[in-house]
Structure formats: structure tokens, C-alpha cells
Amino acid sequence: MDMQKLMELVLDQLKKGAVEELYPAFDAVPYPTKSETLFVVAAPERIQLEAPFVCHSTAVHPFTADIRISVLIPMTSHISRAEDMLYQKILPQMERLCAVLCEVSAPQVDVKLGRVVLAGVFRMRGLYSDDREVTA
């Protein structure tokens with residue numbers, strides 16, 4: 001499974017929904033240069049490939065992927081800012097990728113970053129072929 005292609009698909013879709021200050025989990029952007037008010041981090045959490053089948057002489061793998069999308073806000077902000085971002089901007093864009101919101105964690109404090117984190121896990125199902133195409 002080409003995780004990079006899948007994550008590019010997710011990040012591009014979120015950007016279409018006016019999700020600014022969006023970063024992949026393993027980016028090279030130093031933390032101090034990220035927004036002081038709110039930013040979003042998308043990370044692959046789990047991917048599962050199923051038994052392949054052949055379609056037009058190409059192996060096709062059904063897959064399930066869980067993507068964790070975290071909204072980070074300052075500890076002095078009201079949690080409704082993170083909730084609004086998750087439910088009003090992120091959720092509709094992920095639904096356009098046929099992703100289902102399957103878990104929302106309770107807000108947690110990241111002491112190292114001095115942020116409150118609200119995260120949702122979105123489950124995507126689709127087909128992956130050996131020619132590197134991802135269809136969600």
C-alpha cells in the first residue's frame with residue numbers, strides 16, 4: 001500500500017475544505033513555526049490489506065486505513081474551537097473521501113507542546129492496485 005499517496009489524498013481533500021495550518025504527522029516543519037492559535041495534524045494510524053484479486057490482469061488489494069486527525073489549540077482556548085474545526089471543516093471533507101468518523105477521543109493536554117488536543121479517527125476503505133492507484 002502506498003501510504004504516501006493515501007496521505008496526499010487526505011491532505012489535499014482537507015485543504016479544499018479551508019483547513020489551513022495542516023501538517024502531516026512526520027513533517028519537517030519545526031513546532032515553533034506552526035500557528036500559535038490552532039493547527040491540524042494528520043497521521044496514518046493503521047492500514048490493513050486484504051487478499052488481492054485480479055482485475056484486467058492487475059492485482060487489486062482491498063484495504064482499510066485509519067487516519068488520526070488531531071486539532072491542537074492553546075490551553076487558554078475554549079475546546080469549542082477544536083470541536084468546530086473537527087465537526088464543521090474536517091468531517092465534511094473526510095466524508096467526501098467516503099471516510100467514516102469512528103472515534104473521537106476526549107480532549108487531552110500535551111504538556112510538551114502546551115496544547116489541548118482533540119483527535120478523531122477516520123476509517124477509509126478502498127482498493128489499491130499494483131500500478132499505485134488509490135481509490136477511496
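Summary table below
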{"quantity": "Selection count, the stretch 65-105, where residues are outside any helix (DSSP H, G or I) and not hydroxyl-bearing (Ser, Thr, Tyr)", "calculated": "19"}
{"quantity": "Residue count for the stretch 26-64, restricted to those that are touching a helix residue (DSSP H, G or I) at 6+ places or on another chain (Cβ under 9 Å) and not in a strand (DSSP E or B)", "calculated": "2"}
{"quantity": "Residue within the stretch 69-79 that is small (Gly, Ala, Ser), surrounded by 17 or more Cβ atoms within 10 Å (Cβ to Cβ), touching a Pro at 6+ places or on another chain (Cβ under 9 Å) and closer than 14 Å to Val19 by Cβ present", "calculated": "no"}
{"quantity": "Per-region count, the stretch 39-86, residues among the aliphatic types (A, V, I, L, M) and either without any contact (Cβ under 8 Å) to a residue 40 or more places away in the chain or on the phi > 0 side of the Ramachandran plot (or both)", "calculated": "7"}
{"quantity": "When residues of the stretch 1-16 are limited to those that are in contact with a helix residue (DSSP H, G or I) (Cβ under 7 Å, 6 or more places away or on another chain) and crowded, with 17+ Cβ neighbours inside 10 Å, the one farthest from Arg68 (Cα to Cα)", "calculated": "Gln13"}
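Here, each number is a calculation from the coordinates, and none is a lab measurement. Quick caveat, the model's predicted, so the values are computed rather than measured. Cβ sites come from the backbone with ideal geometry, for glycine too, and all protein chains shown count toward neighbours.
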